[in-house]
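**Q** Please find one structure pasted underneath; my questions will follow.
Please treat every number below as a calculation from the coordinates, not as lab data. Please read all numbers here as calculations on a predicted model, not as lab measurements. Cβ atoms come from the backbone with ideal geometry, glycine included; neighbour counts cover every protein chain shown.
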Amino acid sequence: MKKAFIFAAAVLAIPLYQSCIQNGFEVFPPDELGMAEHDFYIEKEGGDVDIPFLSNKQGVISLVNEADESWMQLGFTTFESDSTLRVHVQPNTGFQRRSDLLFSTDTRSDTVSVFQHGAVEEKFKFADNFVLVYNGKGGSNTVASEINVPLDRIKTEIRFSGDEEWIKDCQLTGSALTFKTTDNTDRNYMRRALIVLSYEDGWKDVQTAEITVIQARSDNNIGTFFTPQELHSLATVSGFTLPEDALLEGYIVSTTEGGNAGDAIVDDYKQGTGVIDYSLTERTAYLESPDGRYGFRLITNSDLDNSFQRYSRVCLRLGGAVIKRSESQPVCYTIEGVSSNNLLTSSDGTSTMPWKEKSIDELTDDDINTLVTIKDCEIAMRKGPFTPVNEGYTSACGYNRLAKYPILIRDIKGGSMYMFTNMTCPYRRNGETLPYGSGSITGIVVHEDYKSFERDGNIGRYQLRHLLREEIDLKPDFKDNFSGIITEFRYAKFPGEFDKTVLPDAILATKGNGEMCHTYGAVSNFSPTYFYIGRCGSNRKGKYAEGAGIELEDGGIYQPWVDNGTESAQNDDGKGWFKSNLYLSWSNKYWWDSENSRGYCWLVNFSTAGITSDKVSMQFAMYNNSQSARSPRYWKAQYAIGTIDASKGNDDAWKDIAEFTVPDVAIWASQNDWQTLGPRVYDFPLPTEILGKESVSIRLMPRNNKAAAKDVSSYDSSTIANNSGYNTMDYFAVRYNK
């Protein structure tokens, strides 16, 4: 035993190259060869690339393809340990290219790739990926192509659905793919094949193009094409099932990317225990007729079936699908039961699609379900996010009582319409201020109900569904707008020590000139609001910095919480609210003068001296917010020239502008579908006779004594209750076209 130990110790004392003895066995450390990165990129101008690597053995470096020596030089080709290889790359005046470098020792190897961009873009494009051969007897066919890579690098494969090889003489040039089809002798079935073209590009990635070819039956029949008018005549309210050979052509003009393509279904407004069916949005697509005149809403069987490419021209085989028409005016058409298998042909239609640009007053029923750009428009309220609502009623806080919300847009010609935004829209409340300027908005024209604003759900003949944020193409700054502001109230601004007002206990305009009061007494009540523009929800509680989207004229944002110390109280439940003492909304709870059987009112006075225009209008946001209801339901707007007292004795001096209804805010325990979760915005044209006047007055007042019941069980069966039924004003403005 002693001799064995002495021998082992003597062996350990002998220097051994890269080895040691453990437990009587000779052990070698592991071989090392490798690098942290394997892909290196360089621009077309060329230059040097440094490739660090690790190794504990001798080795060599070589180019996998020796021909790459013409454009790439290695700094060294042998190594003994860790090092950094410098590779010099020549400028590239051609296509992109790639070279692979092999690092190897006697036991290990590893590969690094250098990718160089090219001065010339590789083109491998085909005008169509579907070819419909209408001639069952066969013949020649051509697909335009744009190819600049060597044709001998391109492989062509034809895959047939059956045993018969019916595509012959397939030839490819830089400008076209040509092929011939043989006779289809089958009287019952069309036939289908797939032409697959592929090549390895300069970076050794395989690029593939697939062209589906469908040939008509022997009688040249591929199905029966239906015009939009023919489909309209077949549609019923309950639905008409289309025949097996029904075909429809048109352009897909929608995308589900923005979460706002279609309507959603709310099962239970009252308790919020139901589920909002947002899958309807994911299953919604819109198809426009080839001339752009008519549109159909498509409802696919699943979201996976809604795989259409936006702006593609398609041919759909709709056998078994059901076409429906709406029960009431305006008539809208929907095709349900569509699947991806219904797609016969599809090609890029961006350059051929008819793009429609209209003013709001130019819209017709034919525009429903089509893509339209509303030109020269603006958002009517300069405040809050796209969806200024109580998030406590939405899926963001785990409840399901609100699926969409409308805000008002208006255009240079004086038209206005509501624009829907779903609660699944990712940019609806993302911390960005609404764009204040004018421009264009592109979206799908729809007709959808919204009972929260009107008892019958009708909020206008047409609404707009935007699909992507960049298609709300409005300038960010109000200076870049077709309209100018005469008077605007975005929060309650109180007179200073030396300010004089013509109205008693008035607040002042936050832009322009003017003042506002309430005819019962001072604007002494203020309401919580949900104008926080940042993201909300049960996991997004706490302080915020984004504010209410009110940019001040001298820069910055309206942040009264900085001064009064209420920041910590904002959004502490994730509902996106602001406390009432920030004065973003002003209220009053006295609305009926029983002695004179008439309403009290909001009274606004302003000057239009020096202003001339062909368009002037009024915008305001309002709702009833008492938990005990009994707030005024039916209202009227009137104007008068001069500073006119709003009392009964002066009623003859007031002229009518419009009548409107005001919704009630939702009450958690007993919400109805006709209650709102945010303010309703209104837009009314004003007569140009008010321009150029030293003093103009406008009043908003109840036109009768009707109100919702105290328990919110009815829409208007009760009466206004003073000191109970609040009405809240969130915004007021008078604009003119500059």
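**Q** Please go through the stretch 610-715 and write out the GluC sites (Glu not before Pro) that DSSP classes as loop and that have at most 14 other C-beta atoms within 10 Å. Mind showing how you got there, number by number?
**A** Numbers: sites: GLU659, GLU689, GLU694; in loops: GLU694.
Hits after loop and neighbour filter: GLU694.
**Q** Quick one: Karplus J couplings for the stretch 344-350, per residue in order, coefficients 6.51, -1.76, 1.60, θ = phi - 60°, nearest Hz, x for Gly and Pro?
**A** Per-residue couplings from phi come out as 8, 9, 8, 8, 5, x, 4 Hz.
**Q** Only Lys, Arg, Asp and Glu count, each charged at its Cβ (+1, +1, -1, -1), so figure out the dipole size of the chain about its Cα centre, rounded to 20 debye.
**A** Details: 74 positive and 100 negative charges, 435 e Å.
In total the dipole reaches around 2080 debye.
**Q** For SER440, what is the net charge nearby, where nearby means another residue's Cβ is under 14 Å from its Cβ and Lys, Arg count +1, Asp, Glu -1?
**A** Details: positive: LYS356, LYS358, LYS375, ARG410, LYS413, ARG469, LYS475; negative: GLU357, GLU362, ASP376, GLU378, ASP411, GLU470, GLU471, ASP473, ASP480.
With Lys, Arg at +1 and Asp, Glu at -1, the neighbours total -2.
**Q** So, one more: Could you derive backbone 3J(HN,Hα) for the stretch 246-262 from the dihedral phi with the Karplus parameters 6.51, -1.76 and 1.60 (θ = phi - 60°), listing whole Hz in sequence and x where the residue is Gly or Pro?
**A** For the stretch 246-262, the Karplus curve yields 5, 10, 9, 10, x, 10, 7, 10, 10, 8, 9, 4, x, x, 9, 6, x Hz.
**Q** Counting other C-beta atoms within 10 Å, which of THR212, THR643, THR107 has the fewest, and how do the rest follow? Working shown, then result.
**A** Numbers: THR212 17, THR643 14, THR107 11.
Ranking THR212, THR643, THR107 by Cβ neighbours within 10 Å, fewest first, gives THR107, THR643, THR212.
**Q** From Cα pairs below 8 angstrom and at least 6 apart in sequence, can you work out the relative contact order of the stretch 33-116, rounded to a whole percent? Before the final figure, lay out each step's value.
**A** On the way: 185 pairs, mean separation 33.3, N = 84.
Relative contact order comes out at 40 percent.
**Q** Now for a separate question. Step through the residues of the stretch 500-516 one at a time and calculate ³J(HN,Hα) from phi using the Karplus curve (6.51 cos²θ - 1.76 cosθ + 1.60, θ = phi - 60°), rounding each to whole Hz and writing x for Gly and Pro.
**A** Along the stretch 500-516, the couplings run 10, 10, 8, 9, x, 6, 8, 9, 9, 4, 8, 8, x, 10, x, 8, 9 Hz.
**Q** If I take every Cα pair under 8 Å that is 6 or more residues apart in the chain, average their sequence separation and divide by the length, what percent do I get for the relative contact order?
**A** Rounded, it is 9 percent for the chain.
**Q** Which chymotrypsin sites (Phe, Trp or Tyr not before Pro) from the stretch 325-408 combine a DSSP loop assignment with at most 14 other Cβ atoms within 10 Å? Don't jump to the answer; show the numbers that get you there.
**A** Details: sites: TYR333, TRP355, PHE386, TYR393, TYR399; in loops: TRP355, PHE386, TYR399.
Counting only loop positions with at most 14 other Cβ atoms within 10 Å, the chymotrypsin sites (Phe, Trp or Tyr not before Pro) in the stretch 325-408 are TRP355.
**Q** Would you pull out the residues with amide H under 5 Å of TYR311's amide H, same chain only if 5 or more places away, H placed 1.01 Å from N?
**A** Amide H to amide H, under 5 Å and 5 or more residues apart or across chains, TYR311 pairs with ILE252, VAL253, SER254.
**Q** (i) 50.7; (ii) 44.4; (iii) 35.8: which one is mean projected area of the Cα convex hull in nm² as calculated from this entry?
**A** (i)
**Q** By how many nm would the segment from ASN737 to GLU165 lengthen if fully extended, with 0.36 nm per residue of separation less the alpha-carbon distance? Mind dumping the intermediate values first?
**A** Values: separation 572, 0.36 × 572 = 205.92 nm, distance 6.79 nm.
So the extension gain works out to 199.1 nm.
**Q** Using just the helices of the chain, give the 222 nm mean residue ellipticity in deg cm²/dmol: DSSP H runs with n ≥ 4 each add -39,500 (n - 2.57), and the total is spread over all residues, rounded to 500.
**A** For the chain, the value works out to -1000 deg cm²/dmol.
**Q** Taking loop as defined by DSSP and a crowding limit of 15 other beta carbons within 10 Å, which GluC sites (Glu not before Pro) in the stretch 216-324 fit?
**A** Details: sites: GLU230, GLU244, GLU249, GLU257, GLU282, GLU288; in loops: GLU244, GLU257.
Those satisfying the criteria are GLU244, GLU257.
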